[in-house]
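Presented below is the structure to which this report refers.
The values are calculated or read from the model by the stated rules, or taken from the named source; none is laboratory data. Bear in mind that the values here come from a model prediction, so they are computed numbers and not experimental data. Note that we place each Cβ from the backbone using ideal geometry, even for glycine, and neighbour counts take in every protein chain shown.
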Amino acid sequence: MKNIAILGSTGSIGTQTLEVVRENQDIRVLGLSAGSNITRLEEQIREFRPKLAAVWNEEKAKELRLRIADLDTRVVSGMEGLTELAVIHETDILVTAIVGMIGIRPTIEAIRAGKDIALANKETLVTAGHIIMPLAREKNVSILPVDSEHSAIFQSLRGNDGKAVKKILLTASGGPFRGKKEEDLLDIQVEDALKHPNWSMGRKITIDSSTMVNKGLEVMEARWLFDVKMDQIQVVIQPQSIIHSMVEYVDGAVMAQLGTPDMKLPIQYALYYPERRYLPGERLDFWKLGRLDFEEPDMDTFYALALAYEAGRAEGTLPTVFNAANELAVKMFLDREIKYLEITQIIEDCMRAHKNKENPTLQEILEAEAEVYERIESRR
């Protein structure tokens, strides 16, 4: 029996993680958390009976305590609550499915407590990879990627010498606007950007996929996860989302992981690694598939990807600026306060205005985030 806790259990990755738990029946859920969706969280608590539930919003936490007063689950709130959930004594694996930089501190504390991390929170490594990865090595903790692309790379590296890696081929679907030019994107509405062709994901990550910001974050994350240089990571557009990523070795061999677009596969692989288990669902039929297509990313139209490479090469606090500017810009777009193309414009403006700080502490990372928010808010 494995014991897990989930940061962000009411979101897309969190709910699919619980589907994996249901299907396998040998995982015990000790902790669940949500930002403010206590209706869904209550449903999850009543089904899985965790010992602890964390809610970011204190008022919502108070309401949840009243709703589940008939249960033994204790409800905590805020950053203290998330951190307490991350270090539950009996937990083997912490699933970090929470969105945003809010996940960094609980992840660090979980690693210090010796918990393996099933990582679905990109921001943790994008902004603090130089802190997280050495700490994980020191504590002998496994960082198990949950993103489909990073899981594919992780699987393609198995049984091979990491020093023999020539480059990582990180695939992308191209999102809903693949093939379009800037003039085609002038009047894009929220509903247009939320129509991903292959994946069913949360609202923010779907917008990030459409701008290619998500792929930029994944490049920065892969740099830390697999200990490679930014320029060893090449983005390849693979519109069918069948090849989830590849690794090219120094002898020219390329290893790839293929499958239908189903996030439960990388989630289950992370939870049971190195064991593979049966997973219900659609299987690839190569006769029906017929073909696989590949394209070079358009970094002129979708220049957020070029900005991500720039931030990743610079390291320091610049990746935090990239990420924080995008987080707030996407929120503003979803709230219909800015136009679609302004998302990337805001990211670039914040990056150009920032004085990069090398090897930042966690406090300096959070200060860089606050600086970005202040800059954007002052210009609204």
* Return a yes/no flag: does segment 174-188 have any residue that is within 26 Å of Ala118 (Cα to Cα), in contact with a helix residue (DSSP H, G or I) (Cβ under 9 Å, 6 or more places away or on another chain) and not in a loop (DSSP other than H, G, I, E, B). => no
* Test set (1) touching a strand residue (DSSP E or B) at 6+ places or on another chain (Cβ under 6 Å); (2) in contact (Cβ under 8 Å) with a residue 60 or more places away in the chain; (3) small (Gly, Ala, Ser) - Gly100 fails condition number -> (1)
* Asked: If you scan segment 61-75, which residues turn out to be within 14 Å of Thr39 (Cβ to Cβ), in a helix (DSSP H, G or I) and under 31 Å from the mean Cα position of the chain (by Cα)?
  -> Ala61, Glu63, Leu64, Arg67
* So which residues in segment 349-380 are part of a loop (DSSP other than H, G, I, E, B) and either surrounded by 15 or more Cβ atoms within 10 Å (Cβ to Cβ) or at pLDDT 95 or above (or both)? -> His354, Lys355, Asn356, Lys357, Glu358, Asn359, Pro360, Thr361
* **Hits in segment 92-114 (condition: surrounded by fewer than 24 Cβ atoms within 10 Å (Cβ to Cβ) and under 20 Å from Arg28 (Cβ atoms))** => Asp92, Ile93, Ala113, Gly114
* May I ask you to list pairs of residues, at least six apart or on different chains, whose Cβ atoms are under 7 Å apart, with the first in segment 126-145 being among the hydroxyl-bearing types (Ser, Thr, Tyr) and the second being assigned to a helix (DSSP H, G or I)? => Thr127/Met101; Thr127/Ile104; Thr127/Pro319; Thr127/Thr320; Thr127/Asn323; Thr127/Ile365
* Residue that is surrounded by the most Cβ atoms within 10 Å (Cβ to Cβ) [pool: residues in segment 134-154 that are in a helix (DSSP H, G or I) and among the small types (Gly, Ala, Ser)] -> Ala152
* Output the residues belonging to segment 81-133 that are closer than 24 Å to Arg313 by Cα and not in a helix (DSSP H, G or I). => Val99, Gly100, Leu119, Ala120, Asn121
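Let's see how each residue does on (1) assigned by TED's automatic domain parsing to the domain that holds Glu19; (2) surrounded by 15 or more Cβ atoms within 10 Å (Cβ to Cβ); (3) within 19 Å of the chain's Cα centre (by Cα):
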{"position": "Ser173", "(1), (2), (3)": "no, yes, yes"}
{"position": "Gly179", "(1), (2), (3)": "no, no, no"}
{"position": "Ile207", "(1), (2), (3)": "no, yes, yes"}
{"position": "Val219", "(1), (2), (3)": "no, yes, yes"}
{"position": "Met230", "(1), (2), (3)": "no, yes, yes"}
{"position": "Ser245", "(1), (2), (3)": "no, yes, yes"}
{"position": "Met255", "(1), (2), (3)": "no, yes, no"}
* **Boolean, Ile346 is assigned to a loop (DSSP other than H, G, I, E, B), out of contact with any Phe, Trp or Tyr (no Cβ under 8 Å at 6 or more places or on another chain) and either closer than 26 Å to Pro239 by Cα or not assigned by TED's automatic domain parsing to the domain that holds Asp227 (or both)** => no
* To do: Name every residue in segment 216-246 that is over 19 Å from Met101 (Cβ atoms), touching a Leu at 6+ places or on another chain (Cβ under 6 Å) and outside any loop (DSSP other than H, G, I, E, B), in order of residue number.
  => Ile233, Gln234, Val235, Val236, Ile243, Ser245, Met246
